[in-house]
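Comments concern the structure below.
The values are calculated or read from the model by the stated rules, or taken from the named source; none is laboratory data. From a predicted model like this one, the values you see are computed outputs, not experimental measurements. Using ideal geometry, Cβ is built from the backbone for each residue, glycine included, and neighbour counts are taken over all protein chains shown.
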Amino acid sequence: MKQINPLQIAALLLVMLLFAFFKLNSAKVELKEAQANYKESEKLALELYGLKEVYANKKYTQRALERILRQPSLKKANVKTTKTKTGISIKVASLDYRGLNSFMGKILNGNYNIVKLKIKRETPQKASLAMEIKW
Amino acid sequence: MIFDKKKDTTLFTKFKRKITPYFLDPNTKSNYAIKEGEKLDIILSPALYWVKKVELPVKYLRDVKKLLPSLFEDILPEGNFSYTAYKEGDTYFIFAYEDKKILELLQDRNIALSDIASICFAQGSLALDDDKAYGVNEEQALYMQDGIMILTPKVWFEKVEPLEIKKLHSNGLKIALQQYGHIVDNKSIYIIGVLLVMLIVVVGVEIFITKAKAEKMEAMRSELFSKYKLHPTMMQNRAILSSYKAIYEKQTKLRTVLALFLKMPLKKTEKITLVEYSNNRLHVRISNVVKAEEKHLFKAFHIQNIEYKTTYTSSGVEVEVMI
């Protein structure tokens, strides 16, 4: 015959509701953190991917350099290339100003990681060039 | 397996309490002492409820229950009443009672709710002879009139029988008293309860959806890691990214500085004879340049705020820029 006070039930339900709100709040905080983490990771991933594609893509760099070196102005210049695991070194003993302009224009306009460069005027018309590009 | 029969019976009867009928009447001044292991079937005196015998064009009892407050509207005093009914043939017996009043009386008689097995109305529970009156206290007697059990003064009858309750009628209507009915009425309790439960459910669903979204975000993040072949920790990835950013900044600066040298307003006699870059240091040699021309030649460097170092020799100037 003993009955439960409805106010006690209401209080219990209220406590449950407060607990549910508390859990909801933590879930929302969790979601915000997850969203922030995702955004940060996405930004980092895209930046890293882009920069890696530019500076650490061995195949792309090799192909692009081969294309540049196949130019008629450079073909005659006896360009010597040495490939290593980490990069490529390019040496030209004597290059006329047209060849030098064309080559440097393409290299500087491209995204290459130049670690060493030496251009020396040998004669009024010719210059020597040594360059090391890293990938 | 052999059981000790006697022991088993003792165990069983220990929890089986004796049930005694008790006639609860506000005008009977008697305090009943409940024995140990005893429970009471409370029979409410007609003084504790209002009863009507009605014939209604309604088929079901549940439909009648909705009409009960309005059926008693004209006879009840101010108060918080509960209503109930039962059907006997085509007739409905409808009741109205005040929970609080009955509870107060039970408390007055030292009867705890835990000692009560059931509560029922005298109407329908007591099997009384129609032509006899049964005394319930010093002044009043129970009497059946047109199928309704009523309390009447004893003096109206020549002979009054003592009320002896041995057995209750099986079809007597049992009720559950609303102990807290005076605080909030049932309808309000249900509305508040349902609202709270609905809110809890809504919040619960919201929690579920939010958690699912967070899990999805985490899954998407993992996919991102595998798609872009990232390292397992963000610290590693940040370090790699900063090293690539440093390369990007240096290469950009190298190109900017080289462009400044190439755009230098040199005279016909002034020539760049050497450009050398290694260990983040750019070294440029320009022939036939005198110190007096420095301001003019390096104007663009000043505008772009690029620091440089010059060393003048007999053949020209050596320029050094840290990249």
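Looking at B:Ala96, is it assigned by TED's automatic domain parsing to the domain that holds B:Glu158 and modelled with pLDDT of 90 or more?
yes
Considering the range A:96-126 alone, what residues qualify as being at the interface with chain B (Cβ under 9 Å from one of its Cβ atoms), in a strand (DSSP E or B) and either crowded, with 18+ Cβ neighbours inside 10 Å or more than 27 Å from the chain's Cα centre (by Cα) (or both)?
Listed by number, the residues that qualify are A:Asn113, A:Ile114, A:Val115, A:Leu117, A:Ile119, A:Lys120, A:Arg121.
Name the residues in the range B:229-264 that are touching a residue at least 12 places away in the same chain (Cβ under 8 Å), within 9 Å of another protein chain (Cβ to nearest Cβ) and within 22 Å of A:Tyr49 (Cα to Cα), would you?
B:Lys250
Which of the following residues is in a helix (DSSP H, G or I), of a type in the set (S, T, N, Q) and under 41 Å from the mean Cα position of the chain (by Cα): B:Thr256, B:Thr210, B:Thr252?
Of B:Thr256, B:Thr210, B:Thr252, the one residue that is in a helix (DSSP H, G or I), of a type in the set (S, T, N, Q) and under 41 Å from the mean Cα position of the chain (by Cα) is B:Thr210.
Would it be correct to say that B:Lys216 is closer than 22 Å to A:Lys28 by Cα, of a type in the set (D, E, K, R), more than 7 Å from chain A (Cβ to nearest Cβ) and out of contact with any helix residue (DSSP H, G or I) (no Cβ under 7 Å at 6 or more places or on another chain)?
In short, yes.
Sort out which residues of the range A:13-25 are more than 7 Å from every other protein chain (Cβ to nearest Cβ) and under 10 Å from B:Thr210 (Cα atoms), and write them in order of number.
Passing the criteria: only A:Asn25.
Do you know which residues across the range A:42-64 are more than 8 Å from chain B (Cβ to nearest Cβ) and not in a helix (DSSP H, G or I)?
Scanning the range A:42-64 gives a single hit, A:Asn57.
I'd like to know if the range B:98-106 contains one or more residues that are in contact with a Leu (Cβ under 6 Å, 6 or more places away or on another chain), touching a residue at least 12 places away in the same chain (Cβ under 8 Å), under 29 Å from B:Val58 (Cβ atoms) and crowded, with 19+ Cβ neighbours inside 10 Å.
yes
What number of residues within the range B:72-97 are outside any strand (DSSP E or B) and either within 35 Å of the chain's Cα centre (by Cα) or buried (at least 19 other Cβ atoms within 10 Å of the Cβ) (or both)?
Residues in the range B:72-97 being outside any strand (DSSP E or B) and either within 35 Å of the chain's Cα centre (by Cα) or buried (at least 19 other Cβ atoms within 10 Å of the Cβ) (or both): 3 in total.
Sort out which residues of the range B:143-152 are in a strand (DSSP E or B) and surrounded by 11 or more Cβ atoms within 10 Å (Cβ to Cβ), and write them in order of number.
Passing the criteria: B:Tyr143, B:Met144, B:Ile148, B:Met149, B:Ile150, B:Leu151, B:Thr152.
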